[in-house]
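Where a number appears in this text, it was derived from the coordinates with a stated rule and is not lab data. Keep in mind that this is a model prediction, so the values were computed, not measured. Using ideal geometry, Cβ is built from the backbone for each residue, glycine included, and neighbour counts are taken over all protein chains shown.
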Amino acid sequence: QAQEDEVLTVKSLLTGRIPWVTASEFVLRIVGPMFVYNFILMPLPIYLLFGAQRYKYALINLILADIVTNIHAFIAIVTNHAGDDLYRFQTSCRANTATFYLRAVVSSANFSSGTDFVDLWHGWLNYQIEHHAWPHLSMRSYQKAQPECQAICKKYGVPYVKHNVFWRLKKTVDIMVGNAAMRKWPEGVVDETKYR
């Protein structure tokens with residue numbers, strides 16, 4: 001239960017049971033400013049220059065574009081980072097250490113990958129494990145590194161999660177609605193963060 005109380009889900013947001021943000025803070029500091037900027041201030045010149053009818057069309061276009069963009073971004077990005085088969089961490093670690101690379105693998109998931117066609121449709125965001133391990137590489141380098149990274153993980157018994165985008169979406173929704181929870185990194189596991 002304690003683990004679930006720390007996780008942001010749709011249910012916890014609606015019930016106001018989030019220990020690190022209040023409902024009013026969420027509205028006033030997170031959603032409110034974005035809403036005012038994107039849906040009031042941005043289309044306001046259209047109203048001033050062209051009138052209410054064109055303002056209405058501009059507002060409808062902005063809302064539809066925002067919905068489509070957010071759905072795409074959510075499916076392409078969030079689903080690589082959520083699921084009951086991925087770990088979350090309570091502490092940080094130093095970059096470029098064994099712990100850093102281990103965490104990059106066990107807290108991320110890849111989508112189907114390997115061909116330019118598939119990678120293009122995923123916007124090259126289907127290599128999250130490689131991206132987290134080596135954030136400065138090019139997209140083409142992720143494609144080349146993926147089979148080697150997966151082979152290294154297999155050799156050393158490190159879980160390498162790779163699924164279809166729709167399976168990852170289901171796992172993410174399960175986390176969002178509280179039907180599942182991310183794995184919590186077990187305390188007491190040897191971790192270089194203790195030796196700084």
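Worth a mention:
- Note, ³J(HN,Hα) from phi for region 161-174, Karplus 6.51, -1.76, 1.60, rounded to Hz, x at Gly and Pro: 8, 9, 9, 5, 4, 6, 5, 5, 4, 4, 4, 5, 4, 4
- Efficiency of FRET between Leu14 and Lys162 - r from beta-carbon atoms, R0 45 angstrom, step 0.05: 0.85
- Cβ crowding within 10 Å averaged over residues, with 174-183, 97-106, 70-79 ranked highest first: 97-106, 174-183, 70-79
- Computed extension length for Tyr37-Phe50: 2.7 nm, one decimal, from 0.36 nm per residue of separation with the Cα-Cα distance subtracted.
- Measuring between their Cα centroids, region 58-108 and region 133-164 lie 17 Å from each other.
- The residues neighbouring Gln143, those whose beta-carbon lies less than 12 Å from its own, together hold a net charge of -2 under the Lys/Arg +1, Asp/Glu -1 convention.
- Folded to 0 to 90 degrees: helix 139-156 orientation relative to the chain principal axis, Cα: 40
- Amide H contacts of Lys162 (H built 1.01 Å from N, under 5 Å, at least 5 apart or other chain): Asn110
- With contacts taken as Cα pairs under 8 Å at a separation of at least 6 residues, region 55-193 carries a relative contact order of 37 percent.
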